[in-house]
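Accompanying notes for the structure given below.
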Amino acid sequence: MNISLKYGFWGLGMGGTSIAHACAGIKLSAKNAQRPYTALLVNSNEMDLLKLPDYPNTKKMILLGYERGVGRDIQLGQEAFNTHKVVISETVQSYFSDRDYIFISCGLGGGTGTGAIIEAIRLLHTTGFAGRFGLLLTLPRRNEGRKVLDNALQRLQVIKRAMQGLGAIVVVDNEKLFQTGLNKNQSVEDFMKSSNRHVARLLHDLNTVTASYKPYGSYHFDASEWLNMLKTGGCLHIGKCTLSAQSVDLASPVTYMDVLKQSVLHGELSTGYDLQGATSSAVSIVADSSAAKKLFTHSFVEQIQSFLHECTPILNENPVATYVGDKPGQVTIYTVFAGLNFPNSVTELTEELAELERKAQERSQQTDEIAVALAGFKSQGKKEQVDLEALLSDEAPSSAPDTDTPKDPFSFLDNLK
Ligand SMILES: Nc1nc2c(ncn2[C@@H]2O[C@H](COP(=O)(O)OP(=O)(O)OP(=O)(O)O)[C@@H](O)[C@H]2O)c(=O)[nH]1
Ligand SMILES: [Mg+2]
């Protein structure tokens, strides 16, 4: 098994470091335990960083002075990053010096990763990585609350403006993964771990297809074309489906086109893209040698090409590459679209936040019944005391006890022998 590109993953914050760590944990293949990717893990929270097991191909950096985390405060997250920027910059440049492509990985919504991401982009852009890095971003779930949604949207707003000047953005929509992948008996932590492995495996699979399998037929998608897609500004949408070779009947395209269409519609990591805006697309199909002979006919490839053309009518090319793989009886189809706008789940997040803000506003305008009741309450004890003082001063102002110099309660000490 070979890889096309040597990736480096730069994880920021807990979500970002967890995903980067999962990517560094990927082994080349079932037979080869070598780990082909490296990860630099930067977090403020020391405990979260220590929880990730050490591998020879990972490096951890704690943002000293902020070890307890920054509590979802993006200004503080940015400050923590900037405080250590010089050392981070030196580390990034030496640690990633042999890498072909870097992913900045960040769970949007927290303080550390989200606070640091714009600075991290700036850093890579100005230290020799311009044009060969992209973003791996998670979108928060809809129920994560105002602060998290607000943090994520603040950064998405900036990234949207800069989108065309950056590399690919791979969006991992946690809500989508949660809705489609949650096993009801799983804890949230286990779910996160399995979804991080899913992201890591998918990126690795795409990176091996182009380098590991024997091309079948005239066209093949090579590492430089894959790198070009990763260098394309905008979101990268990935679809994947696996069919049993037996279930495919060439005489009836519905036996494979339906599954393929569904896989593009739903996506592996996020959904809701306007595919018509794609600036490039590619399909890679891997089948074992006997299935390849049977399936990879002109009409099969044309069916898939015409589907791609329907999705992206403005593109001149709809490349479909076919390969011979090693999984008996299996056909795997990967579809990739580059140069896309954000998925519509970003719009849904803005709507969710607007709704939460509206509810908060409504709540703050409600009459505070408790405050009203408290304002109307008058202490009887206080009233009596005031009345008594008034009485004393009116009736015998001169005979009032000497209140100016209160009696020293400890004066008896003076008389002790
Ligand atoms: N897919 C995935 N998402 C995660 C994971 N951990 C956190 N997230 C998401 O990332 C968002 C940000 O959370 P963290 O990464 O913990 O935040 P942080 O950057 O460490 O920031 P602070 O803890 O506020 O300092 C969360 O709201 C989740 O939506 C993970 O392991 N996998
Ligand atoms: Mg954290």
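Every number here is computed from the coordinates shown, using simple stated rules; none is lab data. Quantities reported herein were computed from a predicted structural model and do not represent experimental measurements. Cβ: placed from backbone, ideal geometry, glycine included. Neighbour counts: every protein chain shown.
Whole-Hz Karplus values for segment 115-130 come out as x, 8, 4, 5, 5, 5, 4, 4, 4, 5, 4, 9, 10, x, 9, 4 Hz, taken residue by residue from phi with 6.51 cos²θ - 1.76 cosθ + 1.60 and θ = phi - 60°; glycine and proline positions read x. Rounded to whole numbers, the Karplus 3J(HN,Hα) couplings from phi for segment 345-355 are 5, 5, 4, 4, 5, 5, 5, 4, 5, 4, 5 Hz, using 6.51 cos²θ - 1.76 cosθ + 1.60 with θ = phi - 60°, and x at Gly and Pro.
Sequence-ordered 3J(HN,Hα) estimates for segment 320-330 from the Karplus curve with 6.51, -1.76 and 1.60 and θ = phi - 60° stand at 10, 9, 10, 9, 9, x, 10, 8, x, x, 10 Hz, glycine and proline given as x. With a cut-off of 14 Å between beta carbons, the residues surrounding MET229 carry a summed charge of -2, where Lys and Arg count +1 and Asp and Glu -1. Extending 7 Å from the Cα toward the beta-carbon at both ASN57 and ASP274 defines two label points whose distance is 3.9 nm.
Taking a sphere under 12 Å around the Cβ of THR279 and counting the other residues whose Cβ falls inside, with K and R at +1 and D and E at -1, yields a net charge of 0.
Report, in degrees rounded to the nearest 10, the 0 to 90 angle that the Cα long axis of helix 85-95 makes with the longest principal axis of the chain. It is inclined by approximately 20 degrees. Close amide H contacts of ILE169 (hydrogens built in the peptide plane, cut-off under 5 Å, sequence separation of 5 or more or a different chain): LEU135, GLY234, CYS235, LEU236.
Kindly state, to the nearest 0.05, the FRET efficiency for HIS309 paired with SER247, given R0 = 22 Å and r defined as their beta-carbon distance. Can you show the working numbers first?
Values: r = 25 Å, r/R0 = 1.13.
The computed FRET efficiency comes out at 0.35.
Of all DSSP beta bridges confined to the chain, the antiparallel ones make up roughly 35%. Using only the C-alpha atoms, the convex hull of segment 235-353 corresponds to 101 Å³ per residue. For LYS261, the aspartates and glutamates whose Cα comes closer than 18 Å to its Cα, not counting residues fewer than 8 places off in the same chain, are ASP249, ASP274, GLU302, GLU310.
Taking 30 Å as R0, compute the FRET efficiency from the Cβ-Cβ separation of SER89 and ARG161 and round it to 0.05. The calculated FRET efficiency here is 0.80. When the helices of the chain are scored as -39500 (n - 2.57) per DSSP H run of n ≥ 4 and the total is divided over every residue, the value at 222 nm lands at -14500 deg cm²/dmol. Compared with the direct C-alpha span, the chain from ARG358 to LYS193 gains 56.0 nm at full extension, assuming 0.36 nm per residue.
What is the sum of charges around THR255, taking Lys and Arg as +1, Asp and Glu as -1, for the other residues whose C-beta is under 15 Å from the C-beta of THR255? All intermediate terms of the calculation are to be shown ahead of the outcome.
On the way: positive: LYS261, LYS294; negative: ASP249, ASP258.
Charge balance in the 15 Å sphere: 0.
Size descriptors for the chain: radius of gyration and Dmax over Cα atoms are 31.2, 119 Å. Between SER97 and ASN185, residue separation times 0.36 nm minus the direct Cα-Cα distance comes to 27.4 nm.
Where both residues lie in segment 235-353, what percent of DSSP beta bridges are antiparallel, nearest 5? Intermediate results must be reported in sequence, preceding the final value.
Details: 17 of 22 bridges.
Among the beta bridges of segment 235-353, antiparallel pairing accounts for roughly 75 percent.
The simple spin-label model puts a point 7 Å past each Cα toward its Cβ; for GLN75 and TYR219 those points are separated by 5.3 nm.
Applying a DSSP loop filter and a limit of 16 other Cβ atoms within 10 Å to the chymotrypsin sites (Phe, Trp or Tyr not before Pro) in segment 176-248 leaves TYR219.
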